[in-house]
1. Residue by residue through region 192-209, note down the ones that are over 11 Å from the mean Cα position of the chain (by Cα), more than 21 Å from ILE258 (Cβ to Cβ) and surrounded by 11 or more Cβ atoms within 10 Å (Cβ to Cβ).
2. Is it true that LEU170 is assigned to a helix (DSSP H, G or I), under 29 Å from ILE25 (Cα atoms) and either in contact (Cβ under 8 Å) with a residue 40 or more places away in the chain or not β-branched (Val, Ile, Thr) (or both)?
3. Residues that are more than 15 Å from LYS398 (Cβ to Cβ) and basic (Lys, Arg), at least 1 per element: which strands (runs of 3 or more DSSP E) completely within region 298-359 meet that?
4. In the list GLY384, GLY397, GLY335, GLY370, which residue meets the criterion of being at pLDDT below 90, out of contact with any helix residue (DSSP H, G or I) (no Cβ under 8 Å at 6 or more places or on another chain) and of a type in the set (Gly, Ala, Ser)?
5. If I filter region 177-184 for residues that are over 16 Å from ASN11 (Cβ atoms), open to solvent by 90 Å² or more (accessible area, probe 1.4 Å) and not polar (S, T, N, Q), do I get at least one hit?
6. Would you pick out the residues in region 276-296 that are more than 18 Å from SER414 (Cβ to Cβ) and crowded, with 23+ Cβ neighbours inside 10 Å?
7. Run down VAL171, VAL114, VAL187, VAL132 and say which single residue is β-branched (Val, Ile, Thr), touching a helix residue (DSSP H, G or I) at 6+ places or on another chain (Cβ under 9 Å) and either closer than 21 Å to ILE55 by Cβ or open to solvent by 90 Å² or more (accessible area, probe 1.4 Å) (or both).
Amino acid sequence: MIAYYKDFMLNIFLIFSPLVFYPYIFRVKGRLVLYRFLLYIVFAIALITTMSFPIHINGLTYDFRSIPLAIGSLYGGMPVALLLYATLLIYRYLLGSPNELLYICALLPSLIVVYGVNKRYHTLKLPRKIIVAVLLCTSIKLIAFSIYFALIGKLELFYGKPLATLQTYLVQGVIVGIGIYLIEKLVKYFYMQEEVIRSEKMKIVGDMAASVAHEIRNPLTTVRGFIELLGTANLSQQKKDFYKQISLEELDRAQLIITDYLALAKPDPETVENIDLNEEVRYLSNVLLTYANYNNIQIKENVAAEQPLLVAGDRYKFRQAMINIGKNAIEAMPGGGVLEIRSDKTHDELLIRISDNGCGMTQEQIRRLGTPYYSTKEKGTGLGTMVSFGIIKKMNGKIDIQSKVGAGTTFQFSFAKDAKGMEAVSRRVGMIREKSQ
């Protein structure tokens, strides 16, 4: 009795084991030939292994070959059904089973039943699919066995022990039902997974669109402010030229931002140049001036005047990052305040600090700042800060944030001095270029 159930469990294991690969096979369903080929391989393995380990009951030999034959035919269509039938006959011949021609004659009528069922199977709901699969599996065995035993003149072997035969059919039906249920659940899970991925992609597209609008708004706001200043009466030609230059530079920066976002899928190699932090502090102060005045913010500019503070990186991207952080600092002071922009140096590092005396942040907010889709602003996406932090990190820079609720926030960006910084960033750019080729 123990050996009997052990054989049953072994056959069940052999039938269900190949189904582990079905989710991976289903992913290539759009490529029909490959899908059917892989499906055939899976069910052919189950077919061969079940035939290799038959069950012996009351002097008769049974196996569950009709289960992979039926399920494979239903989900792979007639091409897979024909291949599985051919595999069954070839392997039976290799096993040395008798009366091969008679068995072929007995088996082929069941192929007609498979053809008839196959046409409408995929339109059925799960309960009916299970019933149809059980009936098909039972029909294959009944037709093949009854015709085969009739042809060899031993029909009593098939009907002589009805209780044992009925038991095998019931077990077979349960196994088929479980197999169909598992496959259908795997298919449903796959479609749900695809829907979730599609929804996530749509969400990302929406967030990216919001981020692009956020990034483009910065230079456009600056240009608008300087255009209004150009309309001021008695404005000197020198100031007009200066305002015009800043406006053109900001429009160029807007174009570069659009190019960067369009190239996110395949980023272009970065250009490495020397950036003077003193010069960038002055530039940032001028760019943020109109937006700060509009929000009743005073800008304090403090540069290390001894010598240029050179760091290595992409000038336009660095400006994009600094303007984004500066604009966020201004928005953190809705009631007005002071924005301080300072460049400095230590023994082995060059620093740029952006400080405000606005609403400040908690430690939890600081920790999450720069992560995708997190923002301290009600309508913010967080992608602008994430992009800014990413630019600083690509320049081999370090980011330190000090903040206190109600007292303001200080962003400190530190970079290695000349040779070290240039070498590290050049190495990073080289890796990016290699990947893009």
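1. Matches in region 192-209: LYS203 only.
2. When the stated conditions are applied, LEU170 does not pass them.
3. Strands (runs of 3 or more DSSP E) meeting the threshold: 337-345.
4. Going through GLY384, GLY397, GLY335, GLY370 in turn, just one is at pLDDT below 90, out of contact with any helix residue (DSSP H, G or I) (no Cβ under 8 Å at 6 or more places or on another chain) and of a type in the set (Gly, Ala, Ser): GLY335.
5. yes
6. VAL287, LEU288, ALA292
7. On the way: VAL114 fails: either closer than 21 Å to ILE55 by Cβ or open to solvent by 90 Å² or more (accessible area, probe 1.4 Å) (or both); VAL187 fails: either closer than 21 Å to ILE55 by Cβ or open to solvent by 90 Å² or more (accessible area, probe 1.4 Å) (or both); VAL132 fails: either closer than 21 Å to ILE55 by Cβ or open to solvent by 90 Å² or more (accessible area, probe 1.4 Å) (or both).
Answer to the check: VAL171.
The values are calculated or read from the model by the stated rules, or taken from the named source; none is laboratory data. All figures in this text were calculated on a predicted structure; none of them were measured in a lab. No Cβ is skipped: glycine too gets one built from the backbone with ideal geometry, and neighbour counts run over all protein chains shown. Surface areas here come from the heavy atoms of the whole protein model, side chains and all, with no ligands, DNA or RNA. Shrake-Rupley method; radii C 1.70, N 1.55, O 1.52, S 1.80 Å.
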